[in-house]
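Notes follow the structure.
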Amino acid sequence: MRIIIIISGLLLLTSVSCKKSGPAPFSDSPPATFDQLFDDFWNKMNVNYLYWDIDTTDWDGVYRRYKPVFSKLDIQNDQDLAASVRYFREMTEGLIDHHFVLSFMDSTIDPAIDRVLRDPQYRSPLSYLVHDESYLDSGYLIGSDYKTDPANPLIAVAGKIQKNILFFGCNRFSLGASFRSVTGNSIQPLLNYFFSELQGDPDVKAVILDVRDNPGGDVADLNFLAGRFTNKPVHFGYTRYKSGNGRLNYTPWITADISPASQKSFSGPVIILADRYSASMGEIFAMAMRAMPNCKIVGETTFGATGPLVENAVYNAGSFNVSPYIAVETSSSEFKYIDGKIYEGKGFAPDFPVSFNRAAINSGIDSQMNKAIMLAK
Amino acid sequence: MFLRPIIYLFFLLLTNSLRAQTSIGLEGGFSSNSFSTAISNRVSTQIFSGKGFDGTVSVRHRLFSWLYITATPTLLQKNYSIERTDSFYGIGQHYRNTFVQLPIGLSLVYGKRFRVSIDPGLYLGYWLSGRVEGGIANIFGVIDSTGSSGQTTERFPISNYNESYQFQNRRDNRWQWGWVLGVGAQYRVSGNYWLIGNTRYYRSLTSQEKPITGMGPSYNTTWTFSAGVMWEIGNH
């Protein structure tokens, strides 16, 4: 099997030598005017944005409407800078990529979060892990890692519920990195406990995995964690990538599988707890696990950010900058689930919808967890 | 009923004319295509020309001893690859595109038993089918590892594919036209039979992809090298 190796976090990727053909559709030099800034952003969206096949945003209409508007703005004028943020917000508000975030030096545009905030059913996020603890038998483990990625500390909980239901939950996905960390952390013994119970304890009849309020993280965690549940590949969907600069230049769809990482498959019920803040790897993990015949999802429809992120150089698509003014985060690949549907911007519905009830949770009753335990028995 | 003798006379004259002035050839050979598109922004990416086949039926009708009009319906491939280089080696896509084209032009001829010709013209082409074969880093196959210094390395397995190109009206210009310039040689073997060889250069004037503001066009330029036989209908 051929592989390519990427040393993460190195700007080397963008400076490796290359032979190039044809002129670029945009300039690499910093824009000196708003007119140039608009052109660079608009053209880089053409090239790097993944969802032009299904996005309903009229990007050519955006050009016709906003090109003359930006031509009149002065990039040295503070009022015009503020106005430009408003225009960028209008231009991008309909984009379906729920990873899309446009960052300026002092402000951020996040159309997906804006939609969440406008939702009449809006609720603020809730960290469930502390509430999960009340359901766990004594002796459960809490792990944390503040060193591997200090900006995004990892917290995880593992234990048993009613003696034979194995439980695992984490606030984000960077499990593999913490597990391999050479500096040591309490995630490592927690994961060792979870894996040994999953694969070696015959008393474990079911598993509950909590990815509620999990915003995602490292894509490699999919195989690292989901792979422990199977001894053969599990087909869960397809990905495709940009193959050229044209809006609709795509590779064919590539099969997406969970790679096995266990000697035997876990055959008992696996219940995933997911909510509207399960995003990116948080929901991809749930969707991938759901492709296993013994898995069901309980909770709410997920966030709808299903396109994984990696550095732009890997696929020549996805996140990009218009330096020094704008940084754009956007999906690197398009993901289609095994049922042939794309859930980007929509979210993945649970098998067993259970409404969020903050008052009940605060009084110690987690209806979603209760439903999961009922299904696990 | 009075039309019948007129039609008969017309076809009699036409047939005699064709016999006296028309030749038909069959050629086969290979094509070498270059694809030009704006990709210099794409990191470690290079376009390579591709080889394919070429089959042509050439019909030539004499106007003067030195000038012919020609129609050369052609089935040919316009292949190319877009490959990643450097640390991304192994990622790329090979395109095999088959076109049917109808060039119409002139042929300026010099010589008797051995003749050479220059053949300028215009062509209309239709993109019949395509196939894409390649490999891409599979994002869900990524495996991270951590070195002793704490540095993380990501390993992406390459997933390969080989399937039909899916045309999209929003993206693809299947009708294309352009100009063609050929250089040919013909050698009379005996009677009405000639051995022929031709080199043609096709330059598309239609972008393969439908235009997007700010994005340059994507053109094919194709060389063909072919050899075959030609039969003169009647004696000159």
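We did not get these values from a lab; they are worked out from the coordinates using the rules stated. Just so we're clear, the structure is a prediction, and the values are computed from it rather than from any experiment. With ideal geometry, Cβ positions are generated from the backbone for all residues, glycine too; neighbour counts draw on all protein chains shown.
Data table
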| quantity | calculated |
| --- | --- |
| Equivalent ellipsoid semi-axes - Cα gyration tensor, chain B, angstrom | 49, 19, 15 |
| Surface/4 of the Cα convex hull for region A:224-301, nm² | 6.3 nm² |
| Label point distance in nm, A:A359-B:W231, each placed 7 Å from Cα along Cα→Cβ | 9.4 nm |
| Coil-residue trypsin sites (Lys or Arg not before Pro) of region B:106-154, DSSP, other Cβ within 10 Å capped at 16 | B:K112, B:R113 |
| Ascending count of other beta-carbon atoms within 10 Å, so fewest first, for A:M292, A:M287 | A:M292, A:M287 |
| Relative contact order, percent, region B:22-232 [alpha-carbon distance under 8 Å, six or more residues apart] | 22 percent |
| Among A:I155, A:I254, A:I297: highest mean-square fluctuation, GNM of chain A, C-alpha pairs under 10 Å | A:I254 |
| Rotationally averaged projected area of region A:24-100 (alpha carbon convex hull; nm²) | 5.4 nm² |
| Within chain A, longest stretch free of exposed chymotrypsin sites (Phe, Trp or Tyr not before Pro) [DSSP loop, at most 16 other beta carbons within 10 Å] | A:147-377 |
| Percent of alpha-carbon pairs separated by more than 45 Å within the protein assembly as shown | 35 percent |
| Least to most buried among A:R86, A:R123, B:R60, A:R240 (fewest other Cβ within 10 Å first) | A:R86, A:R123, A:R240, B:R60 |
| MRE, 222 nm, helices only [DSSP H, n ≥ 4, -39500 (n - 2.57), over chain B, to nearest 500] | -2500 deg cm²/dmol |
| Mean residue ellipticity (222 nm) of chain A, computed from DSSP H runs ≥ 4 via -39,500 (n - 2.57), nearest 500 | -8000 deg cm²/dmol |
| Footprinting exposure proxy for A:T302, B:T224, B:T85 (fewest neighbouring C-beta atoms within 10 Å first) | B:T85, B:T224, A:T302 |
| Cα centroid of region A:209-240 to Cα centroid of region B:167-236, whole Å | 51 Å |
| Against the rule of thumb 2.2 N^0.38 Å, how large the Cα Rg of region B:106-236 comes out | 1.78 |
| Region B:24-135 - percent relative contact order, Cα under 8 Å, separation 6 or more | 23 percent |
